[in-house]
1. Against the definition (modelled with pLDDT of 75 or more and crowded, with 20+ Cβ neighbours inside 10 Å), how does residue 83 come out, yes or no?
2. When you go through (1) surrounded by fewer than 17 Cβ atoms within 10 Å (Cβ to Cβ); (2) of a type outside the set (Asp, Glu); (3) at pLDDT 75 or above; (4) not in a strand (DSSP E or B) one by one for residue 31, which number turns out not to apply?
3. Quick one: in the range 112-127, which of the residues that are exposed (fewer than 15 other Cβ atoms within 10 Å of the Cβ) and of a type in the set (A, V, I, L, M) is nearest to residue 38 (Cα to Cα)?
4. Has the range 88-110 got any residue that is touching a Pro at 6+ places or on another chain (Cβ under 7 Å) and over 23 Å from residue 36 (Cα atoms)?
5. Answer yes if at least one residue in the range 41-49 is within 14 Å of residue 121 (Cβ to Cβ) and modelled with pLDDT of 75 or more, and no otherwise.
6. Within the range 66-111, count every residue that is more than 20 Å from residue 124 (Cβ to Cβ) and either outside any loop (DSSP other than H, G, I, E, B) or basic (Lys, Arg) (or both).
7. Suppose we filter the range 50-68 for residues that are modelled with pLDDT of 70 or more and either more than 26 Å from residue 78 (Cβ to Cβ) or more than 13 Å from the chain's Cα centre (by Cα) (or both); how many remain?
8. Select, from 94, 109, the only residue that is surrounded by fewer than 16 Cβ atoms within 10 Å (Cβ to Cβ), free of Cβ contacts under 8 Å to residues at least 12 places away in the same chain and more than 18 Å from residue 41 (Cα to Cα).
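The values are calculated or read from the model by the stated rules, or taken from the named source; none is laboratory data. What you see is a predicted model, and the numbers here were worked out from it, not measured in a lab. Glycine also receives a Cβ, built like all others from the backbone with ideal geometry; neighbour counts cover every protein chain displayed.
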Amino acid sequence: MSYRTKFRKRPHLYQQLEARIALAADAFEPNDSMVGSIDIGAGPGQNLNELTIDNSNEDWFQFELLGPDAIDVDLFFQHVLGDLSLEVLDSNGSTVGLSQSTNDNENVSLPGVAAGVYHVRVFGGAP
């Protein structure tokens, strides 16, 4: 199963994550907690490919907004192969956006958020 996540901070500027559900650890493990979040930076256009996750795992990433902006996080995957959910948290660990559905895709759109560090949590459930 594959999923793709985009972090858009401004029109035409985005960061993209692509991953596959699998049992093998990816190059960013261990990133299974907020403290262990992988920093994907402040600039647009970074790509992370060949990430993996299984139903008992979580993947955490962090990025920084250098000024007030909008954030769109899109998670694309095939639900029939397993369920994924998406959460965006601020630097204090408070949830600012959550998407949990039984559809193929998850999305968190946050207009007008403050500058700062944000965390993205991708987590799975039973297929």
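1. Details: modelled with pLDDT of 75 or more: yes; crowded, with 20+ Cβ neighbours inside 10 Å: yes.
So residue 83 passes the test.
2. (1)
3. Within the range 112-127, the first condition is being exposed (fewer than 15 other Cβ atoms within 10 Å of the Cβ), and the residues that meet it are 112, 114-116, 125-127.
Still in the list and also of a type in the set (A, V, I, L, M): 114-115, 126.
Details: 114: 21, 115: 19, 126: 25 Å.
Step by step, filter the range 112-127, then rank; the result is 115.
4. Looking only at the range 88-110, we keep the residues that are touching a Pro at 6+ places or on another chain (Cβ under 7 Å), and these are none.
Within the range 88-110 (the criterion being touching a Pro at 6+ places or on another chain (Cβ under 7 Å) and over 23 Å from residue 36 (Cα atoms)), the answer is no, since none of the residues qualifies.
5. Going residue by residue through the range 41-49, those that are within 14 Å of residue 121 (Cβ to Cβ) are none.
There is no residue in the range 41-49 that is within 14 Å of residue 121 (Cβ to Cβ) and modelled with pLDDT of 75 or more.
6. We begin by selecting, within the range 66-111, every residue more than 20 Å from residue 124 (Cβ to Cβ); these are 66-72, 90-94, 96, 109-111.
Next cut, either outside any loop (DSSP other than H, G, I, E, B) or basic (Lys, Arg) (or both) only: 69-72, 90, 96, 109-111.
Result for the range 66-111: 9.
7. Looking only at the range 50-68, we keep the residues that are modelled with pLDDT of 70 or more, and these are 52-54, 56-68.
Now restrict to residues that are either more than 26 Å from residue 78 (Cβ to Cβ) or more than 13 Å from the chain's Cα centre (by Cα) (or both): 54, 56-57, 62, 64-68.
Qualifying residue count for the region: 9.
8. Working: 109 fails: free of Cβ contacts under 8 Å to residues at least 12 places away in the same chain.
Exactly one of 94, 109 is surrounded by fewer than 16 Cβ atoms within 10 Å (Cβ to Cβ), free of Cβ contacts under 8 Å to residues at least 12 places away in the same chain and more than 18 Å from residue 41 (Cα to Cα), namely 94.
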